[in-house]
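Please read the structure below before turning to the comments.
The values are calculated or read from the model by the stated rules, or taken from the named source; none is laboratory data. For clarity, every value in this text was computed on a predicted model and none was experimentally measured. Every residue, glycine as well, gets a Cβ built from its backbone with ideal geometry; the counts of neighbours run over all protein chains shown. Note: accessible area is taken over every heavy atom of the protein model, side chains too, but ligands, DNA and RNA are not part of it. Shrake-Rupley method; radii C 1.70, N 1.55, O 1.52, S 1.80 Å.
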Amino acid sequence: MHYRSNLRSVLVVVLIALCALYVSLLWNTVPYYQSSGGIALWHSGFAESLARSGPFAYPPHLAFPQGAPIALGASLSYLQYILMALFGMGGLDSYSVAGFLFAVAAVTGCYFFARGLGVSRPLSIALAVLFLSQAFFSLHVIGYGAVGFGFGFLPAFCAVFRYVCNNHEGARSTIILNGVLLTFTMIFFAFLDGYSFVMAVAIGVALLVSQSLFERGTWRIHLWNLALLTFASGIAFLLYNAYVPAVGLPGYPLNIFAFLSVHIPSLFRPTAGYSILYDFLDLSKVRLATEYVGAGLGNHESAFLSITALIILVASFFIRIAKVWRIAALLLIVGGGLMAIGPVLPESNGEFQGSKLVSAERAPLITMPTYPLYTSVPGLDQMRATYRWLAVVKLGFWILVCLFCGYLASRFRHGQAIAFAMIVLMTLETSRPPLGQWLAGKKQYDMANSLQRDLTADIETFVPPGSKLLVLPITNDFVVHAVAAKAGVYTYNVAGDKNLLIAASERPAEITGISEAGACLLNQLFVAAERGQIDFLAFRMFDSHRGLRGWIWPPSKAEIEENASVALQLSKDVPPALVSKGKFFWFVDAHKVDRSMTKSGCPQS
């Protein structure tokens, strides 16, 4: 009996690992084989800097001189740093290995949550694959890294929170350890992604509300759980804000929320290319990226809700399943749906003519019930991609599916086989063809390695390690961000919306002067070099942001020529003898600029 139990446990572990490998294939994080392109380079830029400088300060090679706080995905980048420190991995390989480990953790979290609802081991593993293989999650991992990983961990949060809420008996030390477990869980979410952190808090509140409705006479326990959730979330929030400097982030105008609200028609009919089953049946719809609200961001492509899951939603009202979790799931579906719509909605939430953003700006707006939340709750006015709340909706549906599978398996002779067939059907409904993902991930891995290799060689040829480098024009520079630490230089450039604002607020005046100098470029460069603020100035020959979610490398001849014309304009007053032309950058040694080259009438400080 003991032997069989051990064998069963080993088999579960093997199945979880295999399922995690399949999920990684869809997420483009198969170790040493796939990459998510630009976002993998972005996370790896932080990790490379930590690996060279140590983990106890901001990554110093970015946003010099203060360094760049990891505003998004610190939990991921620090895991990459650990892998690099322990096993000597490169940045991109550490990202794919970290992604695989996250997939293992996410599958395990789904498994234990489903097991806690009374679902059998085989069905629990199948349900984990169903949840994590959905196109909505794979697209967010590929396009946004930590954002998608955070969504994948939501069932794991449910499992942890359920355990903490239901484990009040025993020694005081046990209760304290539960509190510590929840606090560290919330800290992990806070430093992984703001969206999933806020969603985890909302999910916890929904569960507590559901418990209070059906578990009467235990109000003290409910208040204790609420206090514990508030404490854990508060500690995580304070730690994150202590790590990431406060910047004056402007609230987004309402039309941006309308532009990024959920594309409602896509909920009920999938977009072509994002559903194995409906593509095969020719029932999906071709939707062009320029015609839809929030297009190109994982919105209309992956918003589709499984028709089978919708049927299960209706059936859940007529069968006997756990009331607490049924109500919690319904709260998540309704509440998440309203949040996904956002504070306002265009009167026509369908096709727009011309530019989708301009169309959203001009479309008449309808105020939604969540408007007061978005305008009064701190931080919600920064969560512009409201459609991402579909992660909570999909979690609610998945919980109902778990309950329904458990019901079938326990009530009918062949219930487990029926449930398994239903899970396979829903997986085919909501996931993308795996072969295409496999090949795309491999291509991205090869291009990302080529990009790092080419640009690092270009910088190392002309710029000595330890030099201070500024690349013009200053933009949301994912490329320089990705290669600065690998090349051993300290750059004023950085990528990421919040990081750009932080860097701009703390950038030395001399460097700001260079970026705004125009005809007085040599004057500002001379002053900055004299004060030890810069060693080299560079002009890039490619678009640093294009293709963030799918790099095309190397850049085309036309792209290089286009950016060379920009570089010529920016450097027109620089003597040609000072310009060293690499393959992808033009470099100017700031220390070769002397006072005789400066212009009169230009500021000298």
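So what is the 222 nm mean residue ellipticity for the chain from helices alone, if each DSSP H run of at least 4 adds -39500 (n - 2.57) and you divide by all residues, rounding to the nearest 500 deg cm²/dmol?
One gets -19500 deg cm²/dmol as the mean residue ellipticity at 222 nm.
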Work from the charge dipole of the chain (Cβ charges, +1 for Lys and Arg, -1 for Asp and Glu, about the Cα centre) and give the residue of Tyr445, Val489, Val479 farthest towards its positive end.
Tyr445
Below 8 Å, C-alpha to C-alpha, sequence gap of six or more: please give me the relative contact order for the stretch 127-279 in percent.
21 percent
Karplus-derived 3J(HN,Hα) from phi for the stretch 448-455 (6.51 cos²θ - 1.76 cosθ + 1.60, θ = phi - 60°), whole Hz, x at Gly and Pro, runs 5, 5, 5, 4, 4, 5, 5, 6
Cross-link candidates for Lys557: which lysines have Cα within less than 23 Å, leaving aside residues fewer than 8 places away along the same chain?
Lys443, Lys572, Lys581, Lys583
Please give the contour-minus-distance gain from Gln569 to Thr218: 0.36 nm per residue of separation, less the Cα-Cα distance, rounded to one decimal in nm.
119.2 nm
Which whole-number percent is the relative contact order of the chain (Cα, under 8 Å, 6+ apart)?
18 percent
In the chain, which cysteines lack any other cysteine Cβ under 4.7 Å from their own?
Cys19, Cys110, Cys158, Cys165, Cys402, Cys405
Cα centroids of the stretch 252-270 and the stretch 5-40: how far apart, whole angstrom?
32 Å
Could you check the spin-label model distance between Lys557 and Ser5? Points 7 Å from the Cα along Cα→Cβ, value in nm.
7.1 nm
Which far-off residues, 5 or more places away or on another chain, put their amide H under 5 Å from the one on Asn28, with H placed in the peptide plane?
none
Quick one: Karplus J couplings for the stretch 312-319, per residue in order, coefficients 6.51, -1.76, 1.60, θ = phi - 60°, nearest Hz, x for Gly and Pro?
5, 4, 5, 5, 5, 7, 10, 10
Projected label distance in nm at Ala17 and Ile264, using a 7 Å step from Cα toward the beta-carbon
4.9 nm
Degrees between helix 154-166 axis and first principal axis of the chain (Cα, 0 to 90, nearest 10):
50 degrees
Lys285 versus Asp594: modelled label distance in nm, points set 7 Å from Cα along the beta carbon direction
7.0 nm
Just to be sure I understand: of the beta bridges DSSP finds with both ends in the chain, what percent are antiparallel, rounded to 5?
65 percent
Please compute the net charge surrounding Thr185, taking Lys and Arg as +1 and Asp and Glu as -1 over other residues with Cβ under 14 Å from its Cβ.
0
Give a residue-ordered list of calculated ³J(HN,Hα) values for the stretch 566-572 (Karplus: 6.51 cos²θ - 1.76 cosθ + 1.60, θ = phi - 60°; whole Hz; x for Gly, Pro).
5, 4, 4, 5, 5, 10, 5
Between the alpha carbon centres of the stretch 384-423 and the stretch 97-122 the gap in Å comes to 14 Å
Built amide H within the under 5 Å cut-off of Val344, gap 5+:
Met368
Expressed in Å to one decimal, the Kirkwood Rh of the stretch 1-93 from all distinct alpha-carbon pairs is 15.2 Å
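So what's Rg/Rh here for the stretch 441-597, counting alpha carbon atoms and using the Kirkwood radius for Rh? Before the final figure, lay out the partial values.
Values: Rg = 15.2 Å, Rh = 15.9 Å.
Ratio value, two decimals: 0.95.
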If you wrap a convex hull around the Cα atoms of the chain, how much volume per residue is inside, in Å³?
175 Å³
In the stretch 377-446, carbon and sulfur make up what percent of the accessible area (probe 1.4 Å)?
67 percent
Report, in degrees rounded to the nearest 10, the 0 to 90 angle that the Cα long axis of helix 38-53 makes with the longest principal axis of the chain.
70 degrees
What full-extension length gain, to one decimal in nm, is calculated for Leu365 and Arg413 as 0.36 nm per residue of separation minus the Cα-Cα distance?
12.0 nm
Just the projected area, averaged over all directions, of the convex hull on the alpha carbon atoms of the stretch 145-228: how many nm²?
5.3 nm²
To the nearest 10 degrees, how steeply does helix 91-116 sit against the main Cα axis of the chain, on a 0 to 90 scale?
20 degrees
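Could you tell me the calculated FRET efficiency between Thr461 and Phe317, based on Cβ-Cβ distance and R0 = 51 angstrom, to the nearest 0.05?
Details: r = 68 Å, r/R0 = 1.34.
The computed FRET efficiency comes out at 0.15.
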If you count, for each residue, the other Cβ atoms within 10 Å and average over each peptide, how do 321-330, 552-561, 144-153 line up from highest to lowest?
144-153, 321-330, 552-561
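When ranked by the protection proxy of mean other Cβ atoms within 10 Å per residue, highest first, what sequence do the peptides 62-74, 478-490, 273-285 form? Kindly include the intermediate steps, with their values, before the conclusion.
Numbers: 62-74: 23.4, 478-490: 25.2, 273-285: 16.3.
Final packing ranking: 478-490, 62-74, 273-285.
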Residues with amide H under 5 Å from that of Leu472, placed H, sequence gap 5 or more
Ala538, Phe539, Arg540
For the stretch 361-483, take N as its residue count and report Rg(C-alpha) divided by 2.2 N^0.38 Å.
1.81
